[in-house]
1. Output the number of the condition that LYS220 fails; it satisfies all remaining conditions of (1) at pLDDT below 85; (2) closer than 30 Å to THR36 by Cα; (3) surrounded by fewer than 12 Cβ atoms within 10 Å (Cβ to Cβ).
2. In region 28-42, what residues are more than 11 Å from the chain's Cα centre (by Cα) and within 15 Å of PRO186 (Cβ to Cβ)?
3. Identify the single condition in (1) at pLDDT 90 or above; (2) surrounded by fewer than 11 Cβ atoms within 10 Å (Cβ to Cβ); (3) part of a helix (DSSP H, G or I) that ILE121 does not satisfy, given that it satisfies every other one.
4. What is the residue count in region 99-109 for residues that are within 16 Å of the ligand (Cβ to nearest atom) and surrounded by fewer than 21 Cβ atoms within 10 Å (Cβ to Cβ)?
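The values are calculated or read from the model by the stated rules, or taken from the named source; none is laboratory data. All figures in this text were calculated on a predicted structure; none of them were measured in a lab. In this analysis, Cβ positions are derived from the backbone assuming ideal geometry, glycine residues included, and neighbour counts consider all displayed protein chains.
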Amino acid sequence: MEVCQNEAQIETAIKEQKAEALVLTDDGMHLTAFWTRLLCGCGTDGRFDPIYVMENIIPLFDKSFNYEIVDVKDWKKSEFLQAYYNPETNKIVIRSDVYERALAGIALDVIIIAHEVVHCIQSIALRLLNAMQCVEFKTALCGTDSSEMRQHELQTDKITALVLSPNRLIEGKTDEEILQKYFISPLIQLIFGFIKQAGKSLIETLNDTNYFTQKEEETKTA
Ligand SMILES: [Zn+2]
């Protein structure tokens with residue numbers, strides 16, 4: 001992963017400086033990797049094939065996503081940056097030689113593309129959490145230092161590693177523990193967040209309509 005990290009840092013410096021990053025706790029990373037694996041393994045017998053995911057799975061979830069394979073001779077970035085994800089345009093751009101070697105199964109190139117796909121999946125998760133206003137769920141999953149881009153890059157590498165070798169997600173755990181960690185706990189956090197958000201909105205609405213103060217005045221006049 002070291003080569004990948006090096007490239008990733010360049011990539012961060014030029015591409016992701018202004019984008020909000022989802023910086024996760026360890027549990028958040030495991031959860032992201034587990035669900036990525038689960039949702040993206042269909043069609044490839046449970047294997048995580050980043051090119052298949054990029055071309056067939058992500059477009060199912062995210063209509064604004066696109067990708068581009070750029071010919072080596074037209075590549076305008078540094079030679080160390082062989083692929084990148086631009087969160088502002090929601091696009092993965094890959095140099096054609098990397099894409100072709102990854103298609104042929106060369107591990108390093110598969111990892112480079114997997115890293116970008118994991119960036120994109122984190123961006124989808126971030127947009128989803130923001131759209132659903134799941135503040136509680138997001139807070140539970142995320143670390144506090146969300147401005148640290150380097151941390152975000154290391155995190156992307158960690159999730160990529162987990163997605164590519166998923167035994168680490170479940171090893172040493174019973175079925176019951178897997179169920180608890182990846183399904184029940186996050187679902188409860190999510191539902192709790194929804195209920196709390198709905199409660200807050202209701203209280204705000206009641207405050208706006210002076211529901212409580214009116215009652216008070218009615219009691220006083222009675
Ligand atoms: Zn990166």
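1. Tallying (1) at pLDDT below 85; (2) closer than 30 Å to THR36 by Cα; (3) surrounded by fewer than 12 Cβ atoms within 10 Å (Cβ to Cβ), LYS220 fails exactly one: (2).
2. HIS30, PHE34, ARG37, LEU38, LEU39
3. (2)
4. Within region 99-109, residues that are within 16 Å of the ligand (Cβ to nearest atom) and surrounded by fewer than 21 Cβ atoms within 10 Å (Cβ to Cβ) number 1.
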